[in-house]
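The values are calculated or read from the model by the stated rules, or taken from the named source; none is laboratory data. Model, not experiment: these values are computed from the prediction. Cβ placement follows ideal geometry from the backbone for every residue including glycine, while neighbour counts extend to all protein chains displayed. Side chains are part of the model used for accessible areas, which takes the heavy atoms of the whole protein and leaves out ligands, DNA and RNA. Shrake-Rupley method; radii C 1.70, N 1.55, O 1.52, S 1.80 Å.
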Amino acid sequence: MVTTHAAVGVALATVLLPIGPEFTTTAAVAGLLGGAFPDLDVLFEHRKTLHFPVYYWVATVPTGLLALVSPSTATVAVLFFLLAAAVHSVMDVFGGPRDWRPWEHTSNRAVYLHYRRRWLVPRSGIRYDGAPEDLLVAAVCSLPGLVLFDGTLQTVTIVGLGISLVYTVFRKQIPAFVDA
């Protein structure tokens, strides 16, 4: 679920609490946006157009070095956006396939690996987006957003959890609306 990826992006920012607390909120917002960003490709070719399980990491390393040498709101924001997008792209390999009915196992396509020009096979640690275990991951990864932040970020986390719950409850009914 995109909400799981957004929550992971916020959770990643907590590594800054002991070393750069002044950048934690910036990192959390950037992580939330970066965690959600790859799923915008649902408008194009999902898990191919904006999912880059290697290239985001390639961009993250020099950006991380730059943020380490010259920490600023901008460098930290770009770093955590890229980091969350990279983690998202890898996480989707461990979910089910990109189908509308992934529980039927009719596809072996998880995420497109651009430099190899082939699809990675789903590893199915999470059976499909919106599965109960996906909701559990979303809930656990939302804890930092609920406990360590306040205001808008906390509200967005609560809304995200609500959306996750509703999506999980109705996930298996969604293909009927798509096919209609």
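Values for this structure:
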{"item": "20 °C / 1.002 mPa s Stokes-Einstein diffusion coefficient of the stretch 55-97, Kirkwood radius on C-alpha pairs, µm²/s", "result": "199 µm²/s"}
{"item": "Nearest-ten-degree value, helix 24-36 long axis tilted from longest Cα axis of the chain", "result": "20 degrees"}
{"item": "Overall form of the stretch 26-97 per C-alpha gyration tensor (a/c, 1.5; a/b vs b/c)", "result": "prolate"}
{"item": "Highest-MSF residue in the chain out of ALA85, ALA67, ALA28 [GNM, Cα springs under 10 Å]", "result": "ALA67"}
{"item": "In nm, spacing of pseudo-spin labels at ALA139 and THR155 (7 Å Cα→C-beta vector)", "result": "2.5 nm"}
{"item": "Accessible area of the stretch 1-120 divided out per residue, in Å², using a probe of 1.4 angstrom", "result": "49 Å²"}
{"item": "Alpha-carbon spread of the chain, three principal axes, descending order, Å", "result": "50, 38, 25"}
{"item": "Degrees separating the helix 132-147 axis from the principal Cα axis of the chain, which is the longest one", "result": "20 degrees"}
{"item": "GNM flexibility winner over the chain from ALA59, ALA110, ALA11 (Cα, springs under 10 Å)", "result": "ALA59"}
{"item": "Exposed trypsin sites (Lys or Arg not before Pro) absent - longest run of the chain, DSSP non-H/G/I/E/B, at most 13 other C-beta within 10 Å", "result": "1-116"}
{"item": "Euclidean distance of C-alpha centroids, the stretch 130-173 and the stretch 29-68, integer Å", "result": "20 Å"}
{"item": "Coarse-grained scattering of the stretch 86-156 at q = 0.19, 0.22, 0.26, 0.28 Å⁻¹, given as base-10 log I(q)/I(0) from a Debye sum over alpha-carbon atoms", "result": "-0.79, -0.91, -1.08, -1.18"}
{"item": "Value of relative contact order over the stretch 10-141, rounded to a whole percent, pairs C-alpha under 8 Å and six or more apart", "result": "23 percent"}
{"item": "Solvent-accessible area, 1.4 Å probe, carbon plus sulfur percent, for the chain", "result": "70 percent"}
{"item": "Under the Debye formula (equal points on every Cα, no solvent term), log10 I(q)/I(0) of the stretch 138-180 at q = 0.23, 0.28, 0.35 Å⁻¹", "result": "-0.72, -0.89, -1.12"}
{"item": "Dipole magnitude (debye, nearest 20) for the chain, charges at Cβ of Lys, Arg, Asp, Glu", "result": "580 debye"}
{"item": "Residue among GLY145, GLY31, GLY125 with the largest mean-square fluctuation in a Gaussian network model of the chain, springs linking Cα atoms under 10 Å", "result": "GLY125"}
{"item": "More than 13 angstrom apart: percent of Cα pairs within the stretch 1-67", "result": "68 percent"}
